[in-house]
1. If you take the beta carbon distance between B:Lys20 and A:Arg105 as r and set R0 to 30 Å, what does 1/(1 + (r/R0)^6) give as a FRET efficiency, to the nearest 0.05?
2. Report the paramagnetic label zone for B:Thr114: residues of the stretch A:1-44 whose backbone N is under 20 Å from a point 7 Å from Cα along the Cα-to-Cβ axis.
3. Using θ = phi - 60° and the Karplus curve 6.51 cos²θ - 1.76 cosθ + 1.60, what whole-Hz ³J(HN,Hα) does each residue of the stretch A:37-46 get, with Gly and Pro shown as x?
4. In nm², what is the average projected area of the convex hull enclosing the Cα atoms of the stretch A:44-97?
5. Determine the shielding of peptide A:65-74 by partner chains: average, over its residues, the number of Cβ atoms on other chains within 10 angstrom of each Cβ.
6. Any idea what Rg and Dmax come out to for chain B if you just take the C-alpha atoms, in Å?
7. Can you tell me the dipole magnitude for the protein assembly as shown around its Cα centre, using point charges on the Cβ only (Lys, Arg +1; Asp, Glu -1), in Debye to the nearest 20?
8. Relative contact order of chain B: what whole-number percent is it, with Cα pairs under 8 angstrom and at least 6 residues apart?
Amino acid sequence: QQQVKQSPQSLIVQKGGISIINCAYENTAFDYFPWYQQFPGKGPALLIAIRPDVSEKKEGRFTISFNKSAKQFSLHIMDSQPGDSATYFCAAQAGDKIIFGKGTRLHILP
Amino acid sequence: GAVVSQHPSWVICKSGTSVKIECRSLDFQATTMFWYRQFPKQSLMLMATSNEGSKATYEQGVEKDKFLINHASLTLSTLTVTSAHPEDSSFYICSLIGTGGRNEQFFGPGTRLTVL
């Protein structure tokens with residue numbers, strides 16, 4: 001049973017546009033929701049994270065929106081740049097156990 | 001934060017041989033490390049949790065006799081793939097929880113294993 005559902009699987013956005021990736025979770029025990037960015041051949045790197053007591057968190061061009069009642073959260077990348085082209089994973093964590101979404105391959109057109 | 005290194009970054013071996021992958025915490029002592037496997041264009045799958053000074057905890061479906069984990073010190077965990085076969089070819093990534101009490105996981109750069 002997939003505990004974290006991520007969509008879309010792939011996304012193409014024009015440079016300067018907004019990239020939006022969505023995730024949904026099932027287990028209400030999750031208390032930490034990080035997003036990871038992964039470039040080919042590299043390990044994932046923490047991008048931004050949120051806890052369920054906050055509805056939105058913004059760091060630079062990256063924003064997480066969190067809807068606790070709907071058990072959904074999303075990543076918004078404003079003014080998307082070619083350097084943002086990567087695979088993005090949402091995750092849900094309870095304690096030290098983390099469950100990843102299946103990933104979104106983002107390609108920003110120059 | 002935390003800085004995590006892995007060695008080697010890539011390895012090619014013949015079928016039937018064993019391969020050891022090292023995961024090091026460079027800037028603090030980690031009592032717990034995690035090992036993940038990632039197949040091409042797929043997500044990370046947790047294989048096992050490595051605990052310093054005790055036996056690793058393996059996820060369901062992961063063969064503990066095939067994937068030997070040793071966490072002998074607070075800065076080093078090793079994963080040995082025994083009698084490797086082509087289906088073991090994958091990207092192996094370790095991680096640990098950093099300082100700060102937020103349960104953030106910091107990942108190593110990964111090791112690409114190719115079994116011929």
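1. Calculated value: 0.45.
2. So the set is A:39-43.
3. My calculation for the stretch A:37-46 gives 10, 10, 9, x, x, 10, x, x, 10, 5 Hz in order.
4. 4.4
5. Across A:65-74, the average partner-chain Cβ count within 10 Å equals 0.
6. Cα only, chain B: 13.4, 42 Å (Rg, Dmax).
7. Dipole size: approximately 360 debye.
8. Over chain B, the number comes to 37 percent.
Coordinate-derived values only; no laboratory data. Keep in mind it's a predicted model, so treat the numbers as computed, not measured. Glycine gets a Cβ as well: all are built from the backbone with ideal geometry, and neighbour counts include every protein chain shown.
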